[in-house]
Amino acid sequence: MNLRHIARTLFAALFSFLLFVLPQKTFAASVVGIKGKKVLVNLQGEPALKGDIFYLLDASGKKKAIIKIMKVKGNKALALLGKGQARKGYTLKYRPKKGGAAQQAKKNNKNSQKSDTTGEAPSSNDKTSDMYWGLMLGFSQNAMDVELQDNSGNSRGSTSLSGNGFSAKGLVDYNLFSGLWFRGMFGVEQFNAEGDNLCGASPSFNEKCTAEIMYLSLDLWGRYLFSQGGFRPWVGGGFSLMFPLSQTATALDEGSITNTSVMSFGLGIDWFTSPSFYIPLSVEYGLLPSSDTVSANTIAIRLGAGFSF
């Protein structure tokens, strides 16, 4: 099975998932009724607990109000309106909690008492964060085309190498503004590939052609999310800086393996199982800079876990 076939298979599988599975679940929770300060919400299957605080977003994704969940029954929730103005059709976006567990519990208890006595939800003027931290593990299919040369620099033809690599990276996701997210990753990334027995010392050139490199990688991504619901499909592009930690190669001059970069594009899903926990999944295609003698690319599948603190 060649690299192109693998790529088509991966992208077709993920697109099929997006087209046929996600439409059943991407409807975000929304406001269905308003009476004074009381707001009735249809959760549409999204998780919510008593005491949770949500932003209300208009059709363009702008924050219009803050509500606090007071009661949950089945797929419906009753909330109290704080800052802003609520309207039917506004969608919900969870507002992460700040501070330690004990501090947050004390704050929630104080706010609940205030709501009971005044009939108003907390307005809360403190700063809010749309930042998440986590870990991503990855599996990649690597490919490289190399123009072989003899000791005099004359061409001996070309060969193709392929192989698999793994990665482990820390993750940070930050909501820049409606729909647009920044993703940063930092960790280790393998690039492993091997080919025919055409490399090695002159004059036999009968060693296996290999390239085994361990990189320290910094990845910077811009992503557009199509939904604010529990399932959030996205597309995006990225740029990576790669610093070799170790290298062993017969297909390349090891001295020529230095810092490099990768231009990538990808798509994926952020699956929120609760307002503070989600599972990120992505498929990425990356293209390394090419030279007169070498070109390389990689396809990676990544899966991880993200948390809001």
Item to check | All positions within region 57-71 that are under 24 Å from the mean Cα position of the chain (by Cα) and buried (at least 18 other Cβ atoms within 10 Å of the Cβ) | outcome: LEU57
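Find the residue count for region 84-99, including only residues that are within 23 Å of LYS35 (Cβ to Cβ), part of a loop (DSSP other than H, G, I, E, B) and either among the polar types (S, T, N, Q) or at pLDDT below 85 (or both).
2
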Checklist entry - For region 62-88, which residues satisfy the criterion of being under 12 Å from SER30 (Cβ atoms) and among the basic types (Lys, Arg)? => result LYS76, ARG87, LYS88
Checklist entry - Across region 221-249, which residue is modelled with the lowest pLDDT among those that are of a type in the set (A, V, I, L, M, F, W, C) and more than 11 Å from the chain's Cα centre (by Cα)? => result PHE231
Checklist outcome for this item: Among the residues of region 47-70, the number that are at pLDDT below 85 and either among the β-branched types (Val, Ile, Thr) or closer than 17 Å to LEU225 by Cα (or both) is 3
Next on the checklist: So in region 199-216, with the set limited to residues that are surrounded by fewer than 22 Cβ atoms within 10 Å (Cβ to Cβ) and at pLDDT 85 or above, which one is nearest to LEU161 (Cα to Cα)?
Outcome noted: THR210
Checklist entry - Restricting to region 45-92, what's the tally of residues that are out of contact with any Leu (no Cβ under 9 Å at 6 or more places or on another chain) and touching a residue at least 24 places away in the same chain (Cβ under 8 Å)? => result 15
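Restricting to region 207-227, name every residue that is of a type in the set (Ser, Thr, Tyr) and under 25 Å from VAL294 (Cα atoms).
THR210, TYR215, SER217
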Checklist entry - What is the one condition in (1) acidic (Asp, Glu); (2) within 12 Å of the chain's Cα centre (by Cα); (3) not in a strand (DSSP E or B) that GLU284 does not satisfy? => result (3)
Next on the checklist: Among (1) within 22 Å of ALA29 (Cβ to Cβ); (2) at pLDDT below 90; (3) crowded, with 18+ Cβ neighbours inside 10 Å, there is one condition THR273 misses while meeting the rest; what is its number?
Outcome noted: (3)
Next on the checklist: Residue under question is PHE243, and the condition is that it be within 20 Å of LEU220 (Cβ to Cβ) and surrounded by fewer than 20 Cβ atoms within 10 Å (Cβ to Cβ); does it hold?
Outcome noted: yes
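The values are calculated or read from the model by the stated rules, or taken from the named source; none is laboratory data. Just so you know, these numbers come straight off a predicted model, no measurement behind them. For neighbour counting, all protein chains shown are included, and Cβ atoms are generated from backbone atoms with ideal geometry for every residue, glycine included.
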